[in-house]
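Asks: What follows is a structure written as structure tokens; I'll ask about it next.
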Amino acid sequence: MVKIILVTHGQLAKEMLETAGVIIGKPAEGFDTFAVTTAASVEKEAAKLKKVLENCPDGALILTDIFGGSATNISLTASKDCPNCHVITGLNLSMLLTAINSRKKLNAKELSEKIEADGKRAVINATELLIKGL
């Protein structure tokens with residue numbers, strides 16, 4: 001099964017995972033979370049994350065909160081030598097629910113593509129949608 005790791009600033013990863021568990025009706029299991037603080041060293045945190053990635057025979061997906069941020073930089077540094085690891089930024093709840101529901105059915109590459117697509121589809125200007133009546 002594909003390993004999924006949430007790497008975010010502060011406690012966002014932990015809180016999102018707990019929220020997803022409430023939505024699906026049970027705790028989301030088998031996920032790792034990393035909380036990045038302002039004092040985090042990219043090299044030190046990447047070394048910790050790299051150790052987790054060494055034990056992912058089926059590949060791994062790292063979901064981060066924002067492109068260009070410390071969480072993403074740490075994730076990219078940790079995964080640079082892991083060909084079956086994908087880093088997806090812009091984590092939202094839709095992406096996380098897709099990960100929970102699809103991780104047993106898809107390989108790492110397929111899952112990364114599905115998570116990215118579902119995350120993009122989840123971004124909607126609801127006001128415009130309602131005004132236009134689409």
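The values are calculated or read from the model by the stated rules, or taken from the named source; none is laboratory data. Quick caveat: nothing in here was measured; it's all calculated off a predicted structure. Here Cβ is always computed from backbone atoms with ideal geometry, including for glycine, and neighbour counts include all displayed protein chains.
Asks: Kindly list the number of the only condition in (1) surrounded by fewer than 21 Cβ atoms within 10 Å (Cβ to Cβ); (2) assigned to a helix (DSSP H, G or I) that fails for S75.
Replies: Exception for S75: condition (1).
Asks: Another one. Of all residues in segment 87-97, which are out of contact with any strand residue (DSSP E or B) (no Cβ under 6 Å at 6 or more places or on another chain) and surrounded by fewer than 21 Cβ atoms within 10 Å (Cβ to Cβ)?
Replies: Answer for segment 87-97, where residues must be out of contact with any strand residue (DSSP E or B) (no Cβ under 6 Å at 6 or more places or on another chain) and surrounded by fewer than 21 Cβ atoms within 10 Å (Cβ to Cβ): G90, N92, L93, S94, L97.
Asks: Among what's in segment 78-94 and is among the aliphatic types (A, V, I, L, M) and in a strand (DSSP E or B), pick the residue that is nearest to A122 (Cα to Cα).
Replies: Here is the first cut: in segment 78-94, the residues among the aliphatic types (A, V, I, L, M) are 78, 87-88, 91, 93.
Of the ones still in play, those that are also in a strand (DSSP E or B) are 87-88.
Working: V87: 19, I88: 15 Å.
The extreme case among them is I88.
Asks: I need the full set of residues from segment 61-70 which are crowded, with 20+ Cβ neighbours inside 10 Å and either at pLDDT 95 or above or outside any helix (DSSP H, G or I) (or both), in order please.
Replies: L61, I62, L63, T64, D65, listed by residue number.
Asks: Separate question: How many residues are closer than 18 Å to S112 by Cβ, touching a strand residue (DSSP E or B) at 6+ places or on another chain (Cβ under 9 Å) and not charged (D, E, K, R) if we restrict to segment 1-15?
Replies: Summing the residues that are closer than 18 Å to S112 by Cβ, touching a strand residue (DSSP E or B) at 6+ places or on another chain (Cβ under 9 Å) and not charged (D, E, K, R) in segment 1-15 gives 7.
Asks: Another question about this same structure. Could you say whether any residue in segment 43-60 is surrounded by 12 or more Cβ atoms within 10 Å (Cβ to Cβ), in contact with a Leu (Cβ under 9 Å, 6 or more places away or on another chain), modelled with pLDDT under 95 and under 15 Å from T8 (Cα atoms)?
Replies: yes
Asks: Looking only at residues that are over 22 Å from G90 (Cα atoms) and part of a loop (DSSP other than H, G, I, E, B) in segment 105-134, which one is nearest to the chain's Cα centre (by Cα)?
Replies: Selected residue: K105.
Asks: Report whether or not L111 is buried (at least 20 other Cβ atoms within 10 Å of the Cβ), within 17 Å of M16 (Cα to Cα) and of a type outside the set (G, A, S).
Replies: The answer is no for L111.
Asks: Go through segment 57-90 residue by residue and tally those that are of a type in the set (G, A, S), over 12 Å from V7 (Cα atoms) and without any contact (Cβ under 8 Å) to a residue 40 or more places away in the chain.
Replies: Number satisfying all stated conditions: 2.
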